[in-house]
Amino acid sequence: MQRLLKHEDEHYLIPETMDIKDVVNLERSKHLIYITSVKIESFAKKSHVEMIIKHCEYEESHGMLKETDDGWYCEECQECQEGEDKVRLKAEFVDFPISSETSLWVTLFDRSSQTILGNKYESFRQSNNAKKRRAMLQKIEKQETVYRLEITFNPEFEFKTATKIEIIPQK
(Lines give C-alpha, C1' and ligand atoms only; values in the text may rest on other atoms or scores of the structure.)
Protein backbone atom coordinates (compact mmCIF):
# COMPACT_ATOMS: atom_id res chain seq x y z
CA MET A 1 0.00 0.00 0.00
CA GLN A 2 1.26 3.44 -0.90
CA ARG A 3 1.96 5.83 1.96
CA LEU A 4 -0.19 8.92 2.16
CA LEU A 5 1.37 12.35 2.01
CA LYS A 6 0.85 14.93 4.74
CA HIS A 7 -2.50 16.38 3.57
CA GLU A 8 -3.92 13.31 1.79
CA ASP A 9 -6.69 11.05 2.93
CA GLU A 10 -7.31 7.45 1.88
CA HIS A 11 -9.77 8.62 -0.80
CA TYR A 12 -6.84 10.05 -2.74
CA LEU A 13 -5.63 6.56 -3.73
CA ILE A 14 -9.00 4.95 -4.50
CA PRO A 15 -9.79 5.27 -8.25
CA GLU A 16 -13.21 6.69 -9.12
CA THR A 17 -15.34 6.74 -12.27
CA MET A 18 -16.85 10.15 -12.98
CA ASP A 19 -18.42 12.32 -15.66
CA ILE A 20 -16.59 15.41 -16.83
CA LYS A 21 -18.95 17.73 -14.93
CA ASP A 22 -18.10 15.84 -11.71
CA VAL A 23 -14.36 16.13 -12.38
CA VAL A 24 -14.61 19.86 -13.09
CA ASN A 25 -16.41 20.40 -9.78
CA LEU A 26 -13.99 18.22 -7.81
CA GLU A 27 -12.10 20.23 -5.19
CA ARG A 28 -9.61 17.66 -3.89
CA SER A 29 -6.66 15.98 -5.61
CA LYS A 30 -7.15 12.46 -6.89
CA HIS A 31 -4.58 9.82 -7.84
CA LEU A 32 -6.68 8.25 -10.61
CA ILE A 33 -10.03 9.07 -12.22
CA TYR A 34 -11.74 7.09 -14.98
CA ILE A 35 -13.93 8.99 -17.41
CA THR A 36 -15.84 6.81 -19.86
CA SER A 37 -17.62 7.89 -23.03
CA VAL A 38 -15.96 11.16 -23.93
CA LYS A 39 -15.05 12.70 -27.27
CA ILE A 40 -12.65 15.39 -28.36
CA GLU A 41 -14.25 18.78 -28.85
CA SER A 42 -11.10 20.65 -29.91
CA PHE A 43 -7.35 20.86 -29.59
CA ALA A 44 -5.51 23.81 -28.06
CA LYS A 45 -4.64 26.32 -30.76
CA LYS A 46 -0.97 26.97 -30.39
CA SER A 47 2.32 26.92 -32.21
CA HIS A 48 3.13 23.65 -33.97
CA VAL A 49 6.56 23.77 -32.33
CA GLU A 50 5.03 23.38 -28.85
CA MET A 51 3.34 20.14 -29.91
CA ILE A 52 6.71 18.39 -30.21
CA ILE A 53 8.86 18.13 -27.10
CA LYS A 54 12.36 16.79 -26.57
CA HIS A 55 12.27 13.78 -24.28
CA CYS A 56 14.98 11.71 -22.58
CA GLU A 57 16.20 9.10 -25.04
CA TYR A 58 17.38 6.67 -22.34
CA GLU A 59 14.49 6.46 -19.85
CA GLU A 60 10.84 7.22 -20.62
CA SER A 61 10.02 8.21 -17.05
CA HIS A 62 12.60 11.02 -17.09
CA GLY A 63 10.39 13.29 -19.14
CA MET A 64 11.13 16.55 -20.95
CA LEU A 65 14.62 17.84 -21.58
CA LYS A 66 15.70 21.44 -21.03
CA GLU A 67 17.52 23.34 -23.74
CA THR A 68 20.92 24.62 -22.64
CA ASP A 69 23.92 26.13 -24.41
CA ASP A 70 25.50 22.65 -24.44
CA GLY A 71 22.42 20.88 -25.88
CA TRP A 72 19.39 19.11 -24.42
CA TYR A 73 19.82 18.40 -20.70
CA CYS A 74 18.10 15.62 -18.74
CA GLU A 75 17.88 16.49 -15.05
CA GLU A 76 17.45 12.82 -14.08
CA CYS A 77 20.46 11.54 -16.07
CA GLN A 78 22.36 14.76 -15.30
CA GLU A 79 23.80 14.90 -18.79
CA CYS A 80 23.21 16.43 -22.21
CA GLN A 81 21.88 14.26 -25.01
CA GLU A 82 20.21 14.51 -28.40
CA GLY A 83 16.83 13.46 -27.02
CA GLU A 84 13.81 12.09 -28.86
CA ASP A 85 10.97 14.08 -30.35
CA LYS A 86 7.66 13.18 -28.69
CA VAL A 87 4.16 14.52 -29.29
CA ARG A 88 2.31 16.48 -26.60
CA LEU A 89 -1.25 17.57 -27.34
CA LYS A 90 -3.81 19.44 -25.26
CA ALA A 91 -7.38 18.47 -26.00
CA GLU A 92 -10.77 19.59 -24.77
CA PHE A 93 -12.99 16.61 -23.94
CA VAL A 94 -16.78 16.53 -23.48
CA ASP A 95 -19.11 13.78 -22.27
CA PHE A 96 -20.64 11.69 -25.05
CA PRO A 97 -23.39 10.96 -26.15
CA ILE A 98 -24.98 13.23 -23.55
CA SER A 99 -24.11 16.73 -24.64
CA SER A 100 -23.03 19.04 -21.87
CA GLU A 101 -21.65 22.55 -21.76
CA THR A 102 -18.97 21.35 -19.34
CA SER A 103 -15.62 20.40 -20.82
CA LEU A 104 -12.24 19.31 -19.50
CA TRP A 105 -8.81 20.22 -20.92
CA VAL A 106 -6.40 17.29 -20.79
CA THR A 107 -2.70 17.06 -21.65
CA LEU A 108 -1.92 14.03 -23.80
CA PHE A 109 1.70 12.94 -23.77
CA ASP A 110 3.34 10.61 -26.26
CA ARG A 111 1.47 7.29 -25.80
CA SER A 112 -1.90 9.00 -25.45
CA SER A 113 -1.10 11.11 -28.51
CA GLN A 114 -0.29 7.91 -30.42
CA THR A 115 -3.75 6.57 -29.58
CA ILE A 116 -5.40 9.78 -30.79
CA LEU A 117 -3.35 10.17 -33.99
CA GLY A 118 -3.30 6.46 -34.90
CA ASN A 119 -1.38 5.70 -38.10
CA LYS A 120 -0.77 9.45 -38.65
CA TYR A 121 1.42 9.69 -35.55
CA GLU A 122 4.82 9.41 -37.29
CA SER A 123 3.97 11.89 -40.05
CA PHE A 124 2.62 14.31 -37.41
CA ARG A 125 5.76 13.95 -35.28
CA GLN A 126 8.17 14.39 -38.17
CA SER A 127 6.34 17.21 -39.95
CA ASN A 128 7.58 20.77 -39.68
CA ASN A 129 4.49 22.06 -41.48
CA ALA A 130 2.11 23.74 -39.02
CA LYS A 131 -0.78 23.72 -41.52
CA LYS A 132 -0.40 19.98 -42.09
CA ARG A 133 -0.43 19.28 -38.34
CA ARG A 134 -3.42 21.56 -37.83
CA ALA A 135 -5.31 19.79 -40.66
CA MET A 136 -4.65 16.40 -39.03
CA LEU A 137 -6.01 17.64 -35.72
CA GLN A 138 -9.08 19.20 -37.37
CA LYS A 139 -9.95 15.83 -38.95
CA ILE A 140 -9.80 14.22 -35.51
CA GLU A 141 -12.03 16.97 -34.05
CA LYS A 142 -14.70 16.16 -36.67
CA GLN A 143 -14.70 12.44 -35.89
CA GLU A 144 -17.21 10.95 -33.48
CA THR A 145 -14.59 8.71 -31.86
CA VAL A 146 -15.45 7.84 -28.26
CA TYR A 147 -12.70 7.42 -25.67
CA ARG A 148 -12.15 6.21 -22.12
CA LEU A 149 -9.74 8.40 -20.18
CA GLU A 150 -7.67 7.75 -17.10
CA ILE A 151 -6.41 10.99 -15.57
CA THR A 152 -4.64 12.25 -12.50
CA PHE A 153 -6.36 15.24 -10.99
CA ASN A 154 -4.96 18.22 -9.15
CA PRO A 155 -7.30 21.24 -8.85
CA GLU A 156 -4.28 23.58 -8.85
CA PHE A 157 -3.44 22.82 -12.50
CA GLU A 158 -5.45 24.16 -15.44
CA PHE A 159 -4.74 21.09 -17.59
CA LYS A 160 -5.19 17.56 -16.31
CA THR A 161 -2.85 14.79 -17.48
CA ALA A 162 -4.03 11.61 -19.17
CA THR A 163 -2.27 8.54 -17.81
CA LYS A 164 -4.04 6.35 -20.39
CA ILE A 165 -6.57 6.73 -23.17
CA GLU A 166 -8.46 4.01 -25.02
CA ILE A 167 -10.79 4.08 -27.99
CA ILE A 168 -14.20 2.60 -27.21
CA PRO A 169 -15.38 0.60 -30.26
CA GLN A 170 -18.79 1.71 -31.54
CA LYS A 171 -21.36 -0.81 -32.74
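Does anything in region 24-53 have its amide N under 17 Å from the 7 Å Cα→Cβ label point of Glu16, and if so which residues?
24-36
May I ask you to list the aspartates and glutamates whose Cα is less than 14 Å away from that of Lys90, ignoring any residue fewer than eight positions away on the same chain?
Within the straight-line limit of under 14 Å, Lys90 reaches these aspartates and glutamates: Glu41, Glu50, Asp110, Glu141, Glu158.
Go ahead and set up a Gaussian network model of the chain, Cα springs under 10 Å, then flag whichever of Thr107, Thr152, Thr68 fluctuates most.
Checking each option, the largest mean-square fluctuation is seen for Thr68.
On a 1.4 Å probe surface of the protein chains, which of Lys164, Lys39, Lys171 comes out largest in accessible area, and what is the full order?
Ranked from most to least accessible, the order is Lys171, Lys164, Lys39.
Given a 1.4 Å probe and every protein chain left where it sits, what share in percent of the accessible area of the chain is carbon and sulfur?
Whole-percent figure for carbon plus sulfur exposure: 46.
Work through the residues other than Phe157 whose Cβ is under 14 Å from its Cβ and net out their charges, Lys, Arg +1 and Asp, Glu -1. Can you show the working numbers first?
Working: positive: Arg28, Lys30, Lys90, Lys160; negative: Glu27, Glu156, Glu158.
Around Phe157, the charge tally is +1.
Could you rank His31, His55 by how accessible they are, 1.4 Å probe, largest area first?
Highest to lowest solvent-accessible surface, that is His31, His55.
Hey, what's the Kirkwood Rh for region 56-95 if you take every pair of different alpha carbons, in angstrom?
Over region 56-95, the inverse of the mean reciprocal pair distance is 11.4 Å.
Using Cα-only point scatterers and the Debye equation, what is log10 of I(q)/I(0) for region 130-171 at each q in 0.16, 0.19, 0.31 Å⁻¹, rounded to two decimals?
-0.64, -0.81, -0.96
Using a 1.4 Å probe, what is the accessible area per residue for the chain, in Å²? If you can, show how the numbers build up before the last one.
Details: 10890 Å² over 171 residues.
Result: 64 Å² per residue.
Please report, to one decimal in angstroms, the Kirkwood hydrodynamic radius of the chain built from all distinct Cα-Cα pairs.
When all Cα pairs of the chain are included, the Kirkwood radius is 17.5 Å.
Exactly which GluC sites (Glu not before Pro) in region 80-171 are in a DSSP loop and have at most 10 other Cβ atoms within 10 Å? Write down the numbers at each step before the final one.
Numbers: sites: Glu82, Glu84, Glu92, Glu101, Glu122, Glu141, Glu144, Glu150, Glu156, Glu158, Glu166; in loops: Glu82, Glu101, Glu144, Glu156, Glu158.
Passing sites in region 80-171 are Glu82, Glu101, Glu144, Glu156, Glu158.
Once phi is turned into ³J(HN,Hα) by the Karplus curve 6.51 cos²θ - 1.76 cosθ + 1.60 with θ = phi - 60°, what whole-Hz value does each residue of region 158-171 show in order, with x for glycine and proline?
Taking θ as phi minus 60°, the curve returns 5, 9, 8, 10, 7, 8, 6, 9, 10, 7, 8, x, 9, 7 Hz for region 158-171.
According to the square roots a ≥ b ≥ c of the eigenvalues of the Cα gyration tensor, what is the shape class of region 91-156, taking rounded for a/c under 1.5, prolate for a/b larger than b/c otherwise, and oblate for the remainder? Walk me through the intermediate numbers first.
On the way: a/c = 2.04, a/b = 1.54, b/c = 1.33.
The shape class here is prolate.
The values are calculated or read from the model by the stated rules, or taken from the named source; none is laboratory data. All values reported here derive from a predicted model rather than from experimental measurement. Virtual Cβ from ideal backbone geometry, glycine too; neighbours counted across all protein chains shown. Keep in mind that these areas ignore ligands, DNA and RNA; they rest on the heavy atoms of the full protein, side chains included. Shrake-Rupley method; radii C 1.70, N 1.55, O 1.52, S 1.80 Å.
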